[in-house]
Amino acid sequence: MTQQTIYQHLRELREHFTPPPGFTYPEISNGTFVMMMSPRPRHQLTAVDVRDQLAGQLPPGIIAVEATDTDDASLGTLRIPDLLVVPRSAMETDDPLDAHEILLAIEIVSPANPGNDYDAKSRDYPAMSIPHYLILDPRDGTWTYQWGIDTSGGRPAYGNRLQKQPYGTPLAVTTELGTWRLDTSGLPRYSRKDMMLPPE
C-alpha cells in the first residue's frame, strides 16, 4: 500500500471522525493520526495577538488566518497550523489548503506535546514547501524562527534557524512580499496550571 493510498484512507476516516472531548481533529503525518488536546485560552490569545500584529503589515490580498487544514497529498501529510499567512484567493477552496500557497506557518507550542511543533513539524513544513516557520513557546517565553529550504542533505530542511530567543528579542520575518515585524514582549505565558504542574 502506497503512502498516498494510506493517506487517502486516513482522510476518509477523518471525515467521519468525532474527536473525543478535550481533543481537536487529528492531523496526519507518517501514515498516522496525530491527536492534540484542545488549545488553552492563553494559546488562543497568543494567536489573536500575533494575527492582529500581522494584519496591519500584510500587503493587499495576503491574510493571516487561524487553524486551517493544509495538506500535501503527495507526502501523505495534513497539518493544521495555529496561524498561517496566505493569499486570500488560496482560501477559496472546498479542499484542504494547498501547502504550497503558504508564506508563513506559525505554531504555538502545546504544553502536552511540544515535540510535535519542534521536531515533527520542523520536518514536515519544509517538505511541504512552506518557506518560513515560526514557533512561539508560552511555556518559557521564547521563539524559534526557521527559513530557507535547503535540499542539499537529500531531503528538504530549513537551512537557517534562530532558536529559543527570549520574548522581547526583535523578530523580523523577511519574505519576498516584505518584512513583517512581531513584538513578542507582551505575549502571554502559560501558567503552571496550563502546563499541568502543581502549584509552587
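Test G56 against the criterion of being at positive phi and either open to solvent by 40 Å² or more (accessible area, probe 1.4 Å) or in contact with a helix residue (DSSP H, G or I) (Cβ under 9 Å, 6 or more places away or on another chain) (or both), and give yes or no. Here the answer is no, as G56 does not meet what is asked. For region 68-115, residues that are open to solvent by 50 Å² or more (accessible area, probe 1.4 Å) and closer than 22 Å to W147 by Cβ total 4.
What's the total number of residues in region 47-70 that are farther than 19 Å from I108 by Cα and not small (G, A, S)?
Residues of region 47-70 that are farther than 19 Å from I108 by Cα, as a first pass: 56-62.
With the extra rule that they be not small (G, A, S), the set shrinks to 57-60, 62.
Going through region 47-70 one residue at a time, the tally reaches 5.
Could you tell me whether any residue of region 168-180 is under 22 Å from A67 (Cβ atoms) and of a type outside the set (V, I, T)?
Within region 168-180, the subset under 22 Å from A67 (Cβ atoms) is 171, 173, 175, 180.
Now drop any that are not of a type outside the set (V, I, T), which leaves 171, 180.
Scanning region 168-180, I find at least one residue that is under 22 Å from A67 (Cβ atoms) and of a type outside the set (V, I, T), so the answer is yes.
Residues that are surrounded by fewer than 22 Cβ atoms within 10 Å (Cβ to Cβ), at least 3 per element: which strands (runs of 3 or more DSSP E) completely within region 116-167 meet that?
Values: elements: 132-137, 142-150, 157-166.
Answer list for region 116-167: 142-150, 157-166.
Take the conditions farther than 20 Å from M37 by Cα and within 17 Å of the chain's Cα centre (by Cα) and apply them to D137. Does it pass? So D137 does not fit the description; no. Taking first residues from region 155-184 that are closer than 14 Å to V85 by Cβ and partners that are small (G, A, S), the Cβ contacts under 9 Å between residues at least 6 apart in sequence or on separate chains come to T179/A172; W180/A172; R181/A172; L182/A172.
The rows are residues; the columns are (1) touching a Leu at 6+ places or on another chain (Cβ under 8 Å); (2) touching a residue at least 12 places away in the same chain (Cβ under 8 Å); (3) in a helix (DSSP H, G or I); (4) not hydrophobic (A, V, I, L, M, F, W, C).
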site: H9; (1), (2), (3), (4): no, no, yes, yes
site: T46; (1), (2), (3), (4): yes, yes, yes, yes
site: Q53; (1), (2), (3), (4): yes, yes, yes, yes
site: P60; (1), (2), (3), (4): no, no, no, yes
site: T68; (1), (2), (3), (4): yes, yes, no, yes
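Out of T174, T151, one residue alone is under 21 Å from L187 (Cβ atoms) and among the hydroxyl-bearing types (S, T, Y). It is T174. S74 meets each of the listed conditions (1) small (G, A, S); (2) part of a loop (DSSP other than H, G, I, E, B); (3) farther than 23 Å from A120 by Cα apart from (3). Close Cβ contacts (under 8 Å, 6 or more residues apart or on different chains) running from residues in region 104-131 that are touching a residue at least 60 places away in the same chain (Cβ under 8 Å) to residues that are hydroxyl-bearing (S, T, Y) and open to solvent by less than 30 Å² (accessible area, probe 1.4 Å) comprise L104/Y133; L104/T175; I108/T46; P111/Y190; N116/S110; A120/S29; D124/S29; D124/T77. With the condition kept exactly as written, say whether any residue in region 108-126 is more than 25 Å from D183 (Cα to Cα) and in contact with a helix residue (DSSP H, G or I) (Cβ under 6 Å, 6 or more places away or on another chain). No. Could you list, in sequence order, all residues of region 11-44 that are open to solvent by 70 Å² or more (accessible area, probe 1.4 Å) and either among the aromatic types (F, W, Y) or in a helix (DSSP H, G or I) (or both)? Once the filter is applied, which keeps residues that are open to solvent by 70 Å² or more (accessible area, probe 1.4 Å) and either among the aromatic types (F, W, Y) or in a helix (DSSP H, G or I) (or both), region 11-44 yields E12, L13, E15, F23, Y25, P41, R42, Q44.
The values are calculated or read from the model by the stated rules, or taken from the named source; none is laboratory data. Computed from a prediction, not measured in an experiment: that's the story for all the values here. Virtual Cβ from ideal backbone geometry, glycine too; neighbours counted across all protein chains shown. Note: areas computed on protein heavy atoms with side chains; ligands, DNA, RNA excluded. Shrake-Rupley method; radii C 1.70, N 1.55, O 1.52, S 1.80 Å.
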